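Colleague: So that we are looking at the same thing, I have put the structure below in structure tokens.
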Amino acid sequence: MFKMKKRAIGARAATGASDDGSGGMMDVRGGRSSRGRARGAGDGASGEEDGEEDERLMGSEDAGSEDEDGEDDEDASSGDEDFQPARRRRVGMRDRSASVASKVANDAPAVDPSKFSIDADRKRFKVGTLKHEVFQMLEEAWPEMLDAAELYARGEAAGKNVGKNKTVLASGLSHDPCFVRVPGTRNKWALRAHVGLPSGVKRKAEDDKEPRVRKAAKKPSVSAMLEALDPDQRASLAAWTDKLKSCSADLKKSKQTSERAAAQLEKCTRALEEFETNPPMELAAPHLQNKSNEDILCEPDAPQDRLAKKFLEFDGAKEDRKGLMTWKKSVEDAKAEIKKERHAYVVMRKKEIREAMNKMNKMRETLTINVRKAQSAAEQATGNVERAEEINEITKQRVQLMKDKAAATDDAVIEDLDEKINAMDAQLTELFGQKLVSLENQIEREKLKLMAKGEREAERARIMSEKNRLKEQEKAEKAAMREREKQEKDALKAAEKVRKEKEARYPIDDDMLATELAEEAKEAGVPFDFLYHTIPKPVSLPNGQILAEEASIAEFLSTFAEGLEAPPGLNNADAVNDLFENNTKARSTLAELYLSLLYEALTPAASGPGRLVARLNRIVNNLNWPEVARTLILHGGEKTHGKGAYDVAEKLGKVAWVTLSKEEHLVLLRALADTALEGDVCRGIISARMQQADVFRTERHEARLKAAANRRIVEKAEKEERRIERERLAEEKRKAKAEAEAAKAATEAPTEGGASKDEVKMDTDEETKKEEEADEEERKFELPDHLKTYTGHPEDRHALMAWKNEVARAQAVLNAERNEYEQERAKIERAKSREENEGKRKIEAVEEAARRRLEIDESRARQREIKRAAEDAQCQVRCRPLGMDRHLATYWWGFGGRQDAVYVQSFSGEWGIYNTQQAVDALVKALCPKGVRERALLQQLEKRKVTIADAFKALSETQEDRDRQLAAALDGRPRRSAMARSAPSMEAYVATRPAAFLSCDEGAVLTFARKCMDTMCINAERIGIQTTPDWRTFRNKLKNVDTTFMAESLLQLEEKYYLCQVDEFRIAAEVEKIERAKQPQAPDELSKATLEALVLKHTGKDMASWKLARRKLAALLPAQVIQEAVEERRRQQVDSDEEEEEEDDNAIVDESWNNDENAAEELTDISVWKGSLQRPQWIASLSTDNVSAVRIAYAAATLLDATSPFTEEIVHRHDIRDGKFVETAA
């Protein structure tokens, strides 16, 4: 807001025109006032050219002066009042209050509403804006007037745009003449088209507003000051203003550098102190301290100087002198060996100590150098800051003096300012040195800039005309080329457009895709399956619905089991399936699970605050919970729990809960779990998981951003490597080209004898050919012909011996050459083989690196999937499906903890599985990514492909493989005994809450019912209820009886309590009858609905839900109101001749409303049964044949809960009657 304010002020200063005060409101769309736009439009081109320069010259000071003496910004800033500082907002409010007070003091005459058109005022506001919404609310509420708080509350309730708060709303209305704050109404607002403009607050219409007279400015405007300057002064002021900005920027940079230097010095000093205080343990350990030879030899690891036992005493014969001498020599050798070892140990330890000390000294020296460098940098930065501050202050004063000089008119003042300016120039010259010359050059440049300002326009026009001419010429030259290429480009664009449009259409709905591909296959003449692969049929799963129910229960318990205190270990479908086995452990755990779900389902948040739920919550225990669960399901009905749960609840009233089938148990558990899901515990867990999901979502987003940044870094590095490689290849190519050109030039150069190039080339070819032939001849390694056969005289022995010697010498030379040649060939072959092996190794290394990279990618993908699955398990409430295919079949993975197959549920409800990796691969191959549903399903399968592959791999392992892996994992760990590894007996299992299983024990249930009945008998005896025989005998009869007798006894006990209630309440009924006789009677002309409407109108009380009689409603109204209503009713009867049904004054009030079990409990109602239906229902539950023990326990607990408040109230009344309560109180 402050930046916007500053820019707006700078823009007004740049125009050079004074404010005329004609505008009043901020234009939200433009970001500045309407008068600002009008002023900008009237200034012309000159204002636009000089605006930037003027703002640069006068900047913030003119803006500040305008804020001080002008009122223009008051309206412009009112729209953003909440964004301004509190002080400025308070000042603006005081100014506005003073302005309003002055206007009211004028006592302007009132204006009639007929002068204004409500339609014209409505059209002034755009739909959806604050003023439009308020205008609509005031129009609808008329003739009622509303204040700002009421308008804001109604707008917030209706979801309309009424601003951030009521202050903003009132501020917006106060600046528009269409809205009037009516005097004498405590700031009530109305429309001027309804109330007109009252006297004292008249506002002029927008079309006849007079321009506001601006106060005389304390300082001349920017434009006037600049126009008064000559070009030299103006250029100098501009240059020094830029210099001031540069100095401020330099000062800021110097301070930042100083802060960084100080931080670096502190960091280096702290590092040195830390090093001196706590040197590194690897260098300052006790064993690395400087020690003498004796101290080193005293170390525990030093070799000992003690001789072995055999060297301490000679064990041979005394006469054996030779043996003795040998022994003495061995002793000397042993001592020499010990001395040598100790000396070597001392040398080794001194070397370690010396190396450690050298490292310590080197680190200390490095840290000390860093501290010195940091100190030097900090001192230099501090000096730079002081110098920059001094330069900035002097420059700022010089600029201010130049402005004062431009505004001054007295010659003496101008001379004084010139002297000050010259003195500051001298100071700046000392500080800047040669840099001041650049500032003078800048002033000259500013002068040249102003002188060339007029020439630029002509030059610009000439350049633009030249550009236009060149463009036209270029256009003409390229016209033919464009015409030739147009057809080809259009064809390419059309083909590319068709391709992109076809790709952009996908994904589309799967049904539409099937129709489209069918038509495409028909046109292409190919089978439909070729374009749209058939989805492989899964393996049928007959009990799929049961598995789904088990998985649903398992998922619910995996999330909420800890909060509900449910049995542990039920977080997968297999564990839930084990609950329905016929053994003690399973039955006990199942009963515990029922009770855990029931406790949460009976909370007010889950089942409502009704009195039935409250009563069930009070009486539920480990004996009657089956009946409580049945009552809760029946109370909710089929609409809440479904028909299946309702039928199972009805069946539970006829049979024991342990006889229910697995399917019935699952339905009942599912209903209780759905009810418990609305409880506070489950909702708290869901909220916590949602918060955790937000945390994971944020972390994943940050991880993606980090991975993208790392990927960009790697790509940049690879790009740089490719660039370097290209440059290297280009350099090699250039060098090879240069060498080739040099060789060519050398070949083409003439010889010294003047031979031609062809002759030189011919001679070279011949020599090369001869050398090759000679090499081939030498490679034969054969003797010449004259050495193969002797051609001399056979009797010339001398010649023969000479020939033989020559042959031997030639043969030796050939053998030597052959050996050398073979060695060279072997060397070449070895080099070639080495190169081939090196190439093979490089290829293998590249393949191995690729394989390892692939393994690393797979491992990372696996780790990501595992981490993501773990995070999802921490924040998910229920498993989400993978997706749906074209046939609307739903696919699941890992639901209920099952990871043995991909489960699929068809649209008709049938279940199947893909239980092999080949089946899943076939499914992935058959899915079409062009469909919306199948693309989403394919993406989910791709995300989990590693997890699914690992799961199938684990399932395919044999038992031997698993045993081998387990043995490898347990290798080196302590093994438990066989007794410790043996599993406990199923019958020896004891559940966490073993008492939950007592509901199956009829004896324990009846014992509980007898305890409840004993308590009620004792209470009956306390309040004086009589029976024959006495209550002790009645209680003794309850021992060891069947359920039928227990039910009859319970009915008798209830009958006694009911009769006692009738007797006790008869007195209260007689008193009420007397009071009714004293109350005035309601007139016959007024019905009950009419009386309720009158009470609501005159007292503000809605008595429709109280169900009061007419006489009680009439007692709430004054007699005058009733009399006026009777007269009005009689006039209506005479005019319409209609007879209205009359309500009997003595009619009994309908109490059917009190039979709602969902109604909240009334603490003042102490009757045994609430409503007229509770008692018949309770009696009917015990009047059936073969009443179960659980139902008797439930009925007994219900009756005890209902009679306890009644008993306490009766005892309290008896105490009051007998005077005991008064005495106790005294």
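The values are calculated or read from the model by the stated rules, or taken from the named source; none is laboratory data. Keep in mind the model is a prediction, meaning the values are calculated, not measured. Glycine also receives a Cβ, built like all others from the backbone with ideal geometry; neighbour counts cover every protein chain displayed. Heavy atoms of the whole protein, side chains included, go into the accessibility calculation; ligands, DNA and RNA do not. Shrake-Rupley method; radii C 1.70, N 1.55, O 1.52, S 1.80 Å.
Colleague: One residue is enough: does segment 366-374 have a residue meeting the conditions farther than 30 Å from LYS267 by Cα and either in the same structural domain as THR241 (by the TED database) or more than 49 Å from the chain's Cα centre (by Cα) (or both)?
Modeller: no
Colleague: Out of all the residues in segment 1010-1027, is one or more modelled with pLDDT of 80 or more, of a type in the set (Ser, Thr, Tyr) and under 30 Å from SER1188 (Cβ atoms)?
Modeller: yes
Colleague: Under 8 Å by Cβ, and 6 or more places apart or on different chains, what pairs join a residue from segment 655-677 that is of a type in the set (D, E, K, R) with one that is surrounded by fewer than 21 Cβ atoms within 10 Å (Cβ to Cβ) and outside any helix (DSSP H, G or I)?
Modeller: LYS662/PHE580
Colleague: Right, another one. Yes or no: segment 308-316 includes at least one residue that is in contact with a Phe, Trp or Tyr (Cβ under 6 Å, 6 or more places away or on another chain) and without any contact (Cβ under 8 Å) to a residue 60 or more places away in the chain.
Modeller: Yes, that holds for at least one residue.
Colleague: Same structure again: Please identify the pairs in which a residue from segment 388-406 that is in a helix (DSSP H, G or I) has its Cβ atom under 8 Å from the Cβ atom of a residue that is among the aromatic types (Phe, Trp, Tyr), counting only partners at least 6 apart or on another chain.
Modeller: ILE391/PHE432; THR395/TRP240; ARG398/TRP240; VAL399/TRP240; MET402/TRP240
Colleague: Residues of segment 271-295 being among the aliphatic types (A, V, I, L, M) and at pLDDT below 80, which ones?
Modeller: Listed by number, the residues that qualify are MET281, LEU283, ALA284, ALA285, LEU288.
Conditions (1) closer than 30 Å to ASN1186 by Cβ; (2) surrounded by 19 or more Cβ atoms within 10 Å (Cβ to Cβ), marked per residue:
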| position | (1), (2) |
| --- | --- |
| ALA606 | no, yes |
| ALA629 | yes, yes |
| LEU634 | yes, no |
| GLY653 | yes, no |
| ARG689 | no, no |
| ARG697 | no, no |
| HIS701 | no, no |
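Colleague: If a residue counts only when it is at pLDDT below 90 and open to solvent by less than 80 Å² (accessible area, probe 1.4 Å), which helices (runs of 4 or more DSSP H) contained entirely in segment 887-969 have at least 2 such residues?
Modeller: 945-956
Colleague: If a residue must be more than 16 Å from SER1181 (Cα to Cα) and part of a helix (DSSP H, G or I), how many such residues does segment 634-663 contain?
Modeller: 17
Colleague: Could you list all residues from segment 325-365 that are among the aliphatic types (A, V, I, L, M) and either outside the structural domain of GLN264 (by the TED database) or surrounded by fewer than 14 Cβ atoms within 10 Å (Cβ to Cβ) (or both)?
Modeller: MET325, ALA336, ALA344, VAL347, MET348, listed by residue number.
Colleague: Do we find that ALA566 is within 30 Å of ALA889 (Cα to Cα), among the small types (Gly, Ala, Ser) and open to solvent by less than 50 Å² (accessible area, probe 1.4 Å) in this structure?
Modeller: Spelling it out, it is not the case that ALA566 is within 30 Å of ALA889 (Cα to Cα), among the small types (Gly, Ala, Ser) and open to solvent by less than 50 Å² (accessible area, probe 1.4 Å).
Colleague: Another question about this same structure. Show the residue pairs meeting these rules: Cβ distance below 6 Å; 6+ apart or different chains; first residue within segment 519-538 and among the aromatic types (Phe, Trp, Tyr); second residue assigned to a helix (DSSP H, G or I).
Modeller: Short answer, once both residue conditions are applied: PHE528/ALA518; PHE528/ALA521; TYR532/LEU517.
Colleague: Condition first: of a type outside the set (A, V, I, L, M) and within 23 Å of ASN624 (Cα to Cα). Now tell me which residues in segment 1008-1035 satisfy that.
Modeller: PHE1008, ARG1010, LYS1011, CYS1012, ASP1014, THR1015, CYS1017, ASN1019, ARG1035
Colleague: Residues to consider are ARG734, ARG712, ARG689, ARG723; find the one that is part of a helix (DSSP H, G or I) and closer than 30 Å to CYS879 by Cβ.
Modeller: Exactly one of ARG734, ARG712, ARG689, ARG723 is part of a helix (DSSP H, G or I) and closer than 30 Å to CYS879 by Cβ, namely ARG689.
Colleague: Report those helices (runs of 4 or more DSSP H) wholly inside segment 114-181 carrying at least 3 residues which are of a type in the set (Gly, Ala, Ser).
Modeller: 148-158, 166-174
Colleague: Scan segment 394-414 for residues that are acidic (Asp, Glu) and either exposed (fewer than 13 other Cβ atoms within 10 Å of the Cβ) or closer than 13 Å to ASP425 by Cβ (or both) and report the count.
Modeller: Total meeting the criteria: 2.
Colleague: Which residue pairs have Cβ atoms closer than 7 Å, lie 6 or more positions apart in sequence or on different chains, and pair a first residue in segment 264-278 that is touching a residue at least 60 places away in the same chain (Cβ under 8 Å) and farther than 12 Å from LYS373 by Cα with a second residue that is assigned to a helix (DSSP H, G or I) and among the charged types (D, E, K, R)?
Modeller: PHE275/ARG364
Colleague: In a helix (DSSP H, G or I) and surrounded by fewer than 10 Cβ atoms within 10 Å (Cβ to Cβ) - does that describe any residue in segment 488-496?
Modeller: yes
Colleague: Then there is this: Quick check on LYS243: is it open to solvent by 70 Å² or more (accessible area, probe 1.4 Å) and either at pLDDT below 80 or more than 42 Å from the chain's Cα centre (by Cα) (or both)?
Modeller: When the stated conditions are applied, LYS243 does not pass them.
Colleague: Hey, can you tell me all the residues within segment 515-563 that are in contact with a Pro (Cβ under 8 Å, 6 or more places away or on another chain) and surrounded by 18 or more Cβ atoms within 10 Å (Cβ to Cβ)?
Modeller: ALA561
Colleague: Give segment 900-918 a look and list any residue that's under 16 Å from LEU941 (Cα atoms) and of a type in the set (Gly, Ala, Ser), or say none.
Modeller: Hit for segment 900-918 is ALA901, nothing else.
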